[in-house]
Structure formats: structure tokens, C-alpha cells
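The values are calculated or read from the model by the stated rules, or taken from the named source; none is laboratory data. Quick caveat, the model's predicted, so the values are computed rather than measured. Counting neighbours? That spans all protein chains shown, and the Cβs are built from the backbone with ideal geometry, glycine included.
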Amino acid sequence: MDAPPGRYSRDMFGLTFEKILLIGIIAVFLLGPDKLPHYAAQLARLVRQLRDMANGAKDRMRDEMGPEFDDLDWKKLDPRQYDPRRIIREALADEDPVKEQSASISRAEPNPDGAYLKRKRAREAALAALEPAPFDSEAT
């Protein structure tokens, strides 16, 4: 029922053409012929504003990202292409490539002068210099 990545399905937000047509017919009966043109014009205005906002966001993104925006492959960023079942199935089936990769990856030794280790040593020294908290044996 779901469309493959990169293709559009016939139903929008779970609504098929028949359901949208039924909603339109109900709207005609509820609103009546007097108010329907006014609300149809408002809906058209809303759709036009949403489209202009989307185009403005896209133009602003293109201006801020520069030439890299046109080089992006948007299909790779489509979350619909990721099927968790497929990813897990492939990870469980291919155990050997993971072992081969881990054997070829060399881990870098931590820098003893790195900021993290300096902060860690300073924190340990500060904790060692502190006196223990006072203890009141009569407190309840």
C-alpha cells in the first residue's frame, strides 16, 4: 500500500480520492451555495500562502547553503527509504564484514594533554581535596 521511495502514492494523509470527494460533498451540504465560494476562495488563498512559504524557505536555504544546495541528493535524505526490518535483517545476516572492519580499524590513543583528560584530572583533584560532608547522627 505504501509507495516506494521517490514515488507518490494515490492517497494523501491516508485519504483516497473517494474520501476527499465525499468530504467535498458534505462541505457543499453543510456550507450551502451561499458560503461555499467564500470558503473556497479562502482555501485557495491558504494553499497559495503555504506554497509561497515553502518556496521562500527553499530559496532561503539555497541562499544560505550556497552551491552545495544544488549538489545535495535529496533522495538519500528521504526517511521513507529506511526500513528498520531490512536494516536489522542485513545487520544480523552479515556478521563477517563487521568483524573484518573492526580488525582493520586502529584506535587512536587518547591525548594525555587533551582537554577532557585535563578536566577529569582537575575534577578528581578537587574531589580529593574536599572534606567529607558533616554527619549528624541524631538527625532523623
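Listing for the model above:
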{"quantity": "Segment 109-140, subset within 41 Å of the chain's Cα centre (by Cα) and either among the hydroxyl-bearing types (S, T, Y) or outside any helix (DSSP H, G or I) (or both), residue modelled with the highest pLDDT", "calculated": "Y116"}
{"quantity": "Matching residues, segment 13-47, being surrounded by 11 or more Cβ atoms within 10 Å (Cβ to Cβ) and not in a helix (DSSP H, G or I)", "calculated": "L15, T16"}
{"quantity": "Members of segment 41-82 found to be within 30 Å of V28 (Cα to Cα) and hydrophobic (A, V, I, L, M, F, W, C), listed by number", "calculated": "A41, L43, A44, L46, V47, L50, M53, A54"}
{"quantity": "Residue check, R86 touching a Phe, Trp or Tyr at 6+ places or on another chain (Cβ under 7 Å), of a type in the set (D, E, K, R), at pLDDT 80 or above and assigned to a helix (DSSP H, G or I)", "calculated": "no"}
{"quantity": "The lone exception for K76 - which of (1) among the basic types (K, R); (2) modelled with pLDDT of 80 or more; (3) not in a helix (DSSP H, G or I) it fails", "calculated": "(2)"}
{"quantity": "Residues (more than 19 Å from the chain's Cα centre (by Cα), of a type in the set (D, E, K, R) and under 30 Å from I23 (Cα atoms)) located in segment 40-96", "calculated": "R45, R48, R51, D52"}
{"quantity": "Failed item in (1) surrounded by 10 or more Cβ atoms within 10 Å (Cβ to Cβ); (2) aliphatic (A, V, I, L, M); (3) modelled with pLDDT under 80; (4) over 20 Å from the mean Cα position of the chain (by Cα), with I105 passing the rest", "calculated": "(1)"}
